[in-house]
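The values are calculated or read from the model by the stated rules, or taken from the named source; none is laboratory data. In this text, all values refer to a predicted model and were calculated from it rather than measured experimentally. Backbone-built Cβ (ideal geometry, glycine too); neighbour counts: all protein chains shown.
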Amino acid sequence: MKIIFWGVRGSIPCPGPQTVRYGGNTSCIELRFEELNRFIIIDAGSGIRPLGDRIMREVLPRGPIRTEIFITHTHWDHIMGFPFFTPIYVPGTRLDIYGPVTYEDEGLERIIGDQLSYRYFPVRHSELSAEINYHPLKECRMDLGDGITLTTKYLNHPILCLGYRFEYGEKVFCTAYDTEPFRNVFPTDPESPDYDPIAAEEGEKAALEENEKILRFFHRADILIHDSQYTHREYLDSKIGWGHSSFEYAINSAHKAEVKKLILSHHDPLRTDDQLESLVNSYRERIEGKTNLAIEIAREGTELEL
């Protein structure tokens with residue numbers, strides 16, 4: 001299993017001299033199984049455009065394009081590249097697109113496909129040449145064939161968002177973005193007029209249980225890609241409830257779950273490459289000698305072999 005990063009930024013594409021080393025495209029990952037002549041795509045952010053170019057150049061000459069796209073959630077930065085994914089305009093292409101749906105009256109096809117309407121784009125979804133099938137996805141375990149299995153887990157984001165755990169050949173690869181720690185949403189201050197001791201206690205238990213489930217989902221993954229859009233201070237100052245994690249939380253979670261390698265991703269669009277490197281180097285220094293966890297920064301174009 002080879003993991004290729006085509007987009008690593010969060011929220012909005014941010015090309016330019018300050019992001020050129022790690023990349024400015026939004027989320028898109030390719031899982032390549034070369035011995036199976038198969039590949040799987042995770043998310044359709046702006047990074048899916050250059051991935052589409054790769055597919056046209058290297059896959060199409062060998063025959064019709066067949067693949068699955070797993071959308072973590074339907075916020076725009078994770079689907080905005082879909083209209084620019086060239087294989088959807090090629091006759092014979094067949095795509096199966098999976099993802100969670102927050103609003104049952106608006107299916108995955110409508111949410112993703114509405115980008116391809118004349119009010120936004122010069123080509124309509126109904127005019128595409130590819131055969132595209134949409135599949136709503138919940139927490140589950142799936143047999144993807146060829147010895148590949150997938151387990152999904154709900155994360156903590158303002159809309160339904162899934163983490164993905166792929167297993168193949170005794171190797172485990174996990175994703176966790178966009179997400180933040182589960183927390184007690186009930187008042188815990190006895191002086192608050194809305195304080196209810198039973199609700200406060202149950203809320204604390206529920207948050208603890210959900211965070212433990214996340215750690216079990218990550219357990220002993222060979223590679224975990226985790227949202228790390230903020231520092232802990234940034235998160236506490238003004239980002240609670242936005243659905244993104246801090247570097248510190250991602251590192252602590254990976255360590256507790258006995259993950260082998262943590263890839264920090266979904267970089268804040270305001271964070272320069274220099275700032276990213278400085279922050280991550282400081283975290284490496286803090287944990288040196290205290291854990292076997294390896295930490296890397298997600299970089300567009302990087303290929304990791306499992």
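When you look at I29, is it within 26 Å of T152 (Cβ to Cβ) and in a helix (DSSP H, G or I), yes or no? Steps first, answer last, please.
Values: within 26 Å of T152 (Cβ to Cβ): yes; in a helix (DSSP H, G or I): no.
Here the answer is no, as I29 does not meet what is asked.
If you go through the range 4-16 one residue at a time, do you hit one that is outside any loop (DSSP other than H, G, I, E, B), surrounded by fewer than 22 Cβ atoms within 10 Å (Cβ to Cβ) and among the hydrophobic types (A, V, I, L, M, F, W, C)?
Here is the first cut: in the range 4-16, the residues outside any loop (DSSP other than H, G, I, E, B) are 4-7, 9.
Now narrow it down to the ones that are surrounded by fewer than 22 Cβ atoms within 10 Å (Cβ to Cβ): 4.
Imposing the further condition that a residue be among the hydrophobic types (A, V, I, L, M, F, W, C) reduces the set to 4.
The answer is yes; a qualifying residue exists.
Within the range 106-121, track down each residue that is touching a residue at least 24 places away in the same chain (Cβ under 8 Å) and either β-branched (V, I, T) or in contact with a helix residue (DSSP H, G or I) (Cβ under 6 Å, 6 or more places away or on another chain) (or both).
Across the range 106-121, the qualifying residues are I111, I112, Q115, L116, F121.
I need the full set of residues from the range 52-76 which are touching a helix residue (DSSP H, G or I) at 6+ places or on another chain (Cβ under 6 Å) and part of a helix (DSSP H, G or I), in order please.
G52, I55, M56
Enumerate the pairs (first residue in the range 169-180 and aliphatic (A, V, I, L, M); second residue anywhere and assigned to a loop (DSSP other than H, G, I, E, B) and at pLDDT below 95) with beta-carbon separation below 9 Å, excluding pairs fewer than 6 apart on the same chain, so at least 6 apart or on different chains.
V172/L306
Please work out which residue is surrounded by the fewest Cβ atoms within 10 Å (Cβ to Cβ), limiting yourself to the range 60-116 and to residues that are under 15 Å from the mean Cα position of the chain (by Cα) and aromatic (F, W, Y).
Step by step, filter the range 60-116, then rank; the result is W76.
Just one of (1) of a type in the set (K, R); (2) without any contact (Cβ under 8 Å) to a residue 60 or more places away in the chain; (3) assigned to a strand (DSSP E or B) trips up R183, so point out which.
(3)
Going by the structure shown, is R49 crowded, with 18+ Cβ neighbours inside 10 Å and either in contact with a helix residue (DSSP H, G or I) (Cβ under 7 Å, 6 or more places away or on another chain) or at positive phi (or both)? If you could, list the steps in order and put the result at the bottom.
Values: crowded, with 18+ Cβ neighbours inside 10 Å: yes; either in contact with a helix residue (DSSP H, G or I) (Cβ under 7 Å, 6 or more places away or on another chain) or at positive phi (or both): yes.
Against the criterion (crowded, with 18+ Cβ neighbours inside 10 Å and either in contact with a helix residue (DSSP H, G or I) (Cβ under 7 Å, 6 or more places away or on another chain) or at positive phi (or both)), R49 qualifies.
Just a yes or no: is a residue in the range 244-259 of a type in the set (V, I, T) and closer than 16 Å to S11 by Cβ? I'd like the intermediate steps shown before the answer.
Just the residues of the range 244-259 that are of a type in the set (V, I, T), to begin with: 251, 259.
Next, only the ones that are closer than 16 Å to S11 by Cβ stay: none.
No, the conditions are met nowhere in the range 244-259.
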